[in-house]
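This report concerns only the one structure given below.
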Protein chains: 2
Amino acid sequence: MSSCTNKPTLDAEEALLLKNQICFPLYSAANAVIRAYRPLLEALELTYLQYLVMLLLWEKDGVSVKDLGQQLHLDSGTLTPLLKRLEAKQYLTRGRSETDERIRVLNLTTEGKKLRERALTVPGAMACKVTLDTNELIQLRNLCEKIIDRLEGDDHPG
Amino acid sequence: MSSCTNKPTLDAEEALLLKNQICFPLYSAANAVIRAYRPLLEALELTYLQYLVMLLLWEKDGVSVKDLGQQLHLDSGTLTPLLKRLEAKQYLTRGRSETDERIRVLNLTTEGKKLRERALTVPGAMACKVTLDTNELIQLRNLCEKIIDRLEGDDHPG
DNA sequence: AGCAATTAAATTGTGCGCAATCTATATAAG
DNA sequence: CTTATATAGATTGCGCACAATTTAATTGCT
């Protein structure tokens, strides 16, 4: 019953032009960012998503797959194989919770903990590549989080 | 020789917290957007990227793989298999240029042209899901394009 | 205790993204 | 004309994302 009453800025014809696609720059920027991280993370043998997982483990060791999924907005279909790769690299172990055998408990290895030192330069190097000022970064974050909020909860009403 | 003289807002330790990752919301928002497009594009049997390619062809029929790649910031490794899928769906043909046999010429089929009618409602439906106002959309686009500009040309100096 | 419903994670299959490499055509230089 | 170089696209291989399904453990209900 919730029909959208948003007044469109463009007519339907104009709206189909690539230059008027709201989300295309978002999509391209995200790709560009991941590409830009690649050389920085190469030395750590991490992909961008693996790096995000390591960030979370460095903050809080011993989390579950579900914990990771909620924080990263990803499911086990993405995370399970990724975690196996991080396990194969000896950065973490994939144990089981003692109180609930269903739950994987992800723990950093010594190697995984040591990796953090070498990651300390990554955020700075990335900031240098992007060179947005603090205001722009905050704006961008707010806009992106607004989008995520609107799209993630299909359920709650307007 | 171009060392970055950007003054960091955070120290190296804080910079490794997920909540301080500039680009994580960008990455998550892009994922969320593609996910949100999925049900809208299902009826057209298109993925988000296939939809972008169709948008370009509806604007200008007969382009090459290189043309597409430059506009979408993607290479033949991504586009070739995608274009084969669109060809299999009978939305386009993958011919060759008469003057240069290396070049693929992508042409819409009748079916592909007809699809445009059914796509006319997609931008509006998406705008309803995202519900950012015009100012926010412009801000977002500008910020994303800034990022793309900074990251895409590794070559030109500051 | 016994059984249905729920939950956590794994699995399967499709489609990107992209680096690296390869093939074929076209152009340039000698 | 011939060899070198450049260009357009295809191929290969890996790692996401994610829908859909499956497996196994736990919880709730009676």
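Working note: 222 nm ellipticity from helices only, DSSP H runs with n ≥ 4, each -39,500 (n - 2.57), summed and divided by the residues of chain A, gives -18500 deg cm²/dmol to the nearest 500. Taking Cβ atoms as reference points and 14 Å as the exclusive limit, the residues near B:Gly112 contribute a net charge of +2, counting Lys and Arg as +1 and Asp and Glu as -1. A:Lys19: which lysines have alpha carbons under 23 Å from its alpha carbon, excluding same-chain residues fewer than 8 sequence positions away? Partners within reach: A:Lys7, A:Lys146, B:Lys60, B:Lys66, B:Lys113, B:Lys114, B:Lys129, B:Lys146.
So if we plug the beta-carbon distance of B:Thr80 and B:Lys113 into 1/(1 + (r/R0)^6) with R0 = 25 Å, what FRET efficiency do we get, rounded to 0.05?
Numbers: r = 23 Å, r/R0 = 0.90.
Result of the calculation: an efficiency of 0.65.
Helix A:48-59 versus the longest principal axis of chain A: what angle, 0 to 90°, nearest 10, using Cα atoms? The two axes meet at around 60 degrees. With the largest listed first and rounded to whole Å, the semi-axes of the equivalent ellipsoid of the protein assembly as shown from the Cα gyration tensor are 36, 24, 22.
Of the residues A:Asp61, A:Asp75, A:Asp100, the one that moves most in a GNM of chain A with alpha-carbon contacts below 10 Å is A:Asp100.
Largest GNM mean-square fluctuation across B:Arg85, B:Arg102, B:Arg94, computed for chain B with C-alpha springs under 10 Å, falls on B:Arg102.
Simple spin-label estimate for A:Cys128 and B:Ser97 gives 4.0 nm between the two label positions (7 Å along the Cα-to-Cβ direction from each Cα).
In a shell of Cβ-Cβ distance under 9 Å around A:Leu16, excluding A:Leu16 itself, what net charge do Lys and Arg (+1) and Asp and Glu (-1) give? Let's see the in-between values first.
Values: positive: B:Arg116; negative: A:Glu13, A:Glu14, B:Glu59.
It works out to a net charge of -2.
Which GluC sites (Glu not before Pro) from the stretch B:77-158 combine a DSSP loop assignment with at most 12 other Cβ atoms within 10 Å? Can you show the working numbers first?
Working: sites: B:Glu87, B:Glu98, B:Glu101, B:Glu111, B:Glu117, B:Glu136, B:Glu145, B:Glu152; in loops: B:Glu98, B:Glu101.
Those satisfying the criteria are B:Glu98, B:Glu101.
Starting from the label point of B:Gly62 at 7 Å along Cα→Cβ, the same points in the other copies fall at 6.8 nm, in ascending order.
Dividing the mean sequence gap of close Cα pairs (under 8 Å, 6+ apart) by how many residues chain B holds gives a relative contact order of 19 percent.
Quick note: the coordinates plus some simple rules give every number you see, no bench work behind them. Here the structure is a predicted model, which is why all the values come from computation and not from measurement. Cβ: placed from backbone, ideal geometry, glycine included. Neighbour counts: every protein chain shown.
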